[in-house]
Amino acid sequence: MNQNDLSKEVILHRIGICPVCNKGQMLQGSAGWTCDYFHSLEDKCTFTIFQSYDGYELTEEDAVQLITNGETDIKSFHTLNGKPFTAKLKRIGNKVKVVGANETLSVRCSKCGGKVKEMQKGYSCENFFKEGEEHCGVWIPKEICGRTISIKEAEECLEYGRTEVLDGFKTQQGKEFSSCMVMQENGNFQLDGKICVCPKCGGMVYAGIKGYNCSNYRNMLVKCDFVIWRSIFGRKITVNDVRTLCTSRQTGIMDFKTKDGKLIQRAMLLNDEDKVKLI
């Protein structure tokens, strides 16, 4: 191969100016496309477009799209367990990320008012990837403690600051538990099963798999048997129902069903023994 042929080969592997430093050329290598200012001592640029992302092999056309438009068309990817999903590659700062191509959620970000979109691994405010004062930290993971968070549940958390009790979470040891997803001031979300103060002993009432139980249930010094079952006469007892009952000792009139399916209207009351009664 003569020098002219070598020059032509190098030129063929140059796909455009680096969009990050606007100085170097993007050159194709064995692992993808890298800015040739990578080895520069004064103006080092580490921008790289890798050959593969989540099971999708990029073409040169894809790399050119990322350089010129900042994102690719919709592509087909695969999770680690082989589940297919559609998304696109997007240049965010000096990184290339897989961005979900699903619909925007019906509820806006409760922190900044931005749109919230379903991503590959979670639900993100559109301002999450921005820097400085425009950055918004709202991000809801799609999977928490082995449980998938649905769009409806993410919308509920965004709108009300917390969800109702969710089942199906698992500890690292594989033990199932129930909890609520709660939004924090910084926009992060965490699991928090605390509901309210126990009206019987002053402990804390937590959401459980079958009922709302006092934290002193197993405390041998201050043992407390206070519980409100999560389902009473065919009615799902909500977090607000429990809070109202524990603070006011009586709820308003609500719909219940008898064993034979008959609709009845009753209020819940805490009696003198802190047991739930329908009146």
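Derivation of every value follows stated rules applied to the coordinates shown; laboratory data play no part. Just so it is clear, the structure is predicted and the values come from calculations on it, not from any experiment. Please note: Cβ atoms are built from the backbone with ideal geometry, for glycine as well, and neighbour counts cover all protein chains shown.
If I take R0 = 30 Å and measure r between the Cβ atoms of residue 44 and residue 111 in this structure, what FRET efficiency does the formula 1/(1 + (r/R0)^6) give, to the nearest 0.05? The formula returns an efficiency of 0.25 here. Converting phi to 3J(HN,Hα) with the Karplus coefficients 6.51, -1.76 and 1.60 and the offset θ = phi - 60°, the stretch 49-57 yields 10, 6, 5, 9, 9, 6, x, 9, 8 Hz in sequence order, with x at every glycine or proline. Set the bar at 32 Å for Cα to Cα. Now go through 117/170; 175/236; 83/152 and name every pair that lies beyond it. None, as every Cα separation is 32 Å or less.
If the chain linking residue 59 and residue 92 were pulled fully straight, counting 0.36 nm for each residue of separation and taking away their Cα-Cα distance, it would gain 9.9 nm. Amide H contacts of residue 105: 116, 117, 118, each under 5 Å away and 5 or more positions distant or on a separate chain (H built 1.01 Å from N in the peptide plane; Pro and chain starts excluded). Multiplying the residue separation of residue 185 and residue 143 by 0.36 nm and removing their Cα-Cα distance gives an extension gain of 13.0 nm. Here's how it looks for residue 217: its modeled amide H is under 5 Å from those of 224, which are all 5 or more places away or on a different chain.
Cut-off 10 angstrom, C-alpha nodes, Gaussian network model of the chain. Which of 191, 158, 269 fluctuates the most? Between 191, 158, 269, it is 269 that shows the largest mean-square fluctuation. Computed log10 I(q)/I(0) for the chain at 0.10 Å⁻¹: -0.72, from the Debye equation with unit scatterers placed on every C-alpha and solvent omitted. Comparing Cα centroids, the stretch 134-201 and the stretch 236-279 end up 25 angstrom apart.
Between residue 23 and residue 160, the FRET efficiency estimated from the beta carbon spacing at R0 = 35 angstrom works out to 0.10. For the stretch 194-211, putting each phi into the Karplus relation 6.51 cos²θ - 1.76 cosθ + 1.60 with θ = phi - 60° gives couplings of 5, 10, 5, 7, 5, x, 8, 10, x, x, 10, 8, 10, 6, x, 5, 10, x Hz, in residue order, rounded to whole numbers and with x for Gly and Pro. Distance between the 7 Å Cα→Cβ label points at residue 236 and residue 253: 2.4 nm. What FRET efficiency comes out for residue 229 versus residue 52 if R0 is 51 angstrom and r is the Cβ-Cβ distance? Round to the nearest 0.05. Using R0 = 51 Å, I get an efficiency of 0.50.
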